[in-house]
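Let me begin by presenting the structure, written as structure tokens, before commenting on it.
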Amino acid sequence: MKKIKFWELLTISGCFCLISGYKNAVENVYYWRKVLYENLPYSDDTLIGKYPYHISVNNDINGIEYHARSGLMITTVARIRPGVPSTLNAFCVADYDPGTSPYIWGLPNYEKNTLKPEFYGESYYDSRDLLNNNRNYSAGYFNYFFGYTELDSSRKGYYKRPYNYYQNTQDFSIISTYFPNVDNQCDRLFILDTGILRYGASESYVVQNPAVIVFDLSSSGCQNRNFPVIRRVEIPSHLWSVAPGFLFLTPDYKPKGSCDDVFLYITNVFDSSIIVYDYKKGNFWSISDPSMKPITAEATLTFKGVNYIIPLGIVNVALGWPDKHGYRNAYYAPGSSLAEYVVSTKVLQDSKGVFNKYDSSEFTLIGYRGCNSENYKQVFDPNTGVIFFGEMESNRVRCWNTQLPLNPDTIGIVYESDESVFYAEMSLDSNGYLWFLTNQLALLFNSDDLLDTSEVNSRVFRVKASEAIKGTVCDISYQY
């Protein structure tokens, strides 16, 4: 593979980290040499457009999230190479022992995940019509649109659906999604569909607008595999320029509100922006700030001995505790940066831009994490006040207690291993477990190399968040 030229770098934050001791309570739960699908509807060599339906060496597990109430592990396989039969998938944890390689199946089914020959158009202009306006919707629009009938008194914030609801939802396909988001508060699944097939740096097919899709996750999901679509809404095209940059979203519920009283913070790593979606009103708006942009001098990623320049803007938003008004600290960092920032969700929820267009004083630098600490995903644990980071360069998961200043001395290590090459995903389930995933996303996204299916390509780990911080500076009992 051709080596990409890069610059020798010095960071403004210094290149040193305190290596804290930690207890190895982390479980290596699942692994895959190659992605295993359950009962695919077509043979591998069936052509979809010009590509085979399934090319095993182009498939890797990109994202995971666990829904404890149903026992479902949601998994994704982004379409960043041809031959991915299903991008949104799941398996039932109860069906597989730790240390095994589960078979995954399409969610809600394989039909919604199967590509069509017409998706492989010659250019952008052969794609479906894209939205050009920021559409406004009434609060009941989606209930009407998807055929809801009346409020369901047994489930807070939900409407009853007619018997033939599932068959009558609008016709759409799930094109490519990177990371799922399980909503444990209202038992839903949020995904971001980029709407684009991105095969390497030069080949892409724009099929439809990026969209937010919401599924119902019932406690019987493993038994009946029925996942009704609650909502699908496309992100207006004037709010974004690079669709593959839509990786993560974070739901923010109003205290004591219904399941509709939620804002979604949708990040775009290539546009360096946050798109906010008011779920109840159906409105979108975009927020950007210089702090969300990549730092060129910190944009080099070394992966398997090869250096890539990957300028990643803001990756995701981690939400802290609510204040007395229901607003939270929104913690964030560009993927190509050693810095951590915070802004109040009061600013993010300001659709009229009172605080800006936009006042950068509201976006505050907290501190620097230290060398090789560029992170791809971070999550806030409300039980401990700790943020967990998945670092791209250091092969480590680290932690920081938000009640302490942020600097290399206040950051602990939860887990590190030379076998784990790219921490792509992490999440907290409703039982207090921190789940994280390592995979080959950097290889698939930035090169033409094939996966080596004789080696383990993706691994799933878990650890109780409260156990993960024991013996580190993140423990609340540590006296700083």
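The values are calculated or read from the model by the stated rules, or taken from the named source; none is laboratory data. Note that the coordinates shown come from a computational prediction; the quantities given were computed from them, not determined experimentally. Positions of Cβ are generated from backbone atoms using ideal geometry, with glycine treated the same way; all protein chains shown enter the neighbour counts. We work out accessible area using only protein heavy atoms, side chains counted, and drop any ligands, DNA or RNA first. Shrake-Rupley method; radii C 1.70, N 1.55, O 1.52, S 1.80 Å.
Find the relative contact order for the range 356-443 and round it to a whole percent, using C-alpha pairs within less than 8 Å whose residues are 6+ positions apart.
23 percent.
Count the net charge of all other residues whose Cβ sits under 9 Å from the Cβ of S394, scoring Lys and Arg as +1 and Asp and Glu as -1. Let's see the in-between values first.
Working: positive: R396, R398; negative: E374, E391, E393, E416.
Around S394, the charge tally is -2.
Multiply the residue separation of S204 and N431 by 0.36 nm, subtract the distance between their alpha-carbon atoms, and state the gained length in nm to one decimal.
In short, 77.7 nm is gained.
In Å², what does the accessible area per residue of the range 415-455 work out to with a 1.4 Å probe?
Working: 1480 Å² over 41 residues.
Counting only protein heavy atoms, the per-residue value for the range 415-455 is 36 Å².
Between A25 and K281, what is the label-point separation in nm under the 7 Å Cα-to-beta-carbon projection?
4.3 nm
What residues have an amide H closer than 5 Å to that of E393, excluding those fewer than 5 places away on the same chain, when H is modeled at 1.01 Å from N in the peptide plane?
E374
Specify the inter-centroid distance of the range 74-113 and the range 204-237, based on alpha-carbon positions, in whole Å.
Going from one Cα centre to the other spans 15 Å.
Sorted by mean Cβ packing within 10 Å, highest first, what order do the peptides 248-260, 49-61 take? Mind showing how you got there, number by number?
Numbers: 248-260: 17.5, 49-61: 19.0.
My ranking of the peptides, most packed first, is 49-61, 248-260.
Which entries of K112/K256; K34/K377; K256/K293; K112/K346 have Cα-Cα distances beyond 32 Å here?
From K112/K256; K34/K377; K256/K293; K112/K346, over 32 Å: K112/K256; K256/K293; K112/K346.
As I understand it, the dipole of the range 230-299 uses +1 on the Cβ of Lys and Arg and -1 on the Cβ of Asp and Glu, about the Cα centre. Which of P294, V269, P251 lies farthest toward its positive end?
P251
What are the ³J(HN,Hα) couplings of the range 396-405, residue after residue, when phi is run through the Karplus curve with 6.51, -1.76, 1.60 and θ = phi - 60°? Round to Hz, x for glycine and proline.
With coefficients 6.51, -1.76 and 1.60, one gets 9, 9, 10, 9, 9, 7, 5, 8, 10, x Hz.
Just by accessible area at a 1.4 angstrom probe, what is the order of W240, W321, W105 from largest to smallest?
W321, W240, W105
Whose amide H sits under 5 Å from the amide H of Y37, counting only residues 5 or more places off or on another chain, with H placed in the peptide plane?
I104
Compute the convex hull volume of the Cα atoms of the range 326-480, divide it by the residue count, and report the result per residue in Å³ as a whole number.
Dividing the Cα hull volume of the range 326-480 by its residues yields 147 Å³.
Using a Förster radius of 45 Å, what is the FRET efficiency between K324 and R225 based on their Cβ-Cβ separation? Nearest 0.05, please.
0.60
What is the extension gain from I476 to D97, computed as 0.36 nm multiplied by their sequence separation minus the C-alpha to C-alpha distance, in nm to one decimal?
So the chain would gain 133.1 nm between I476 and D97.
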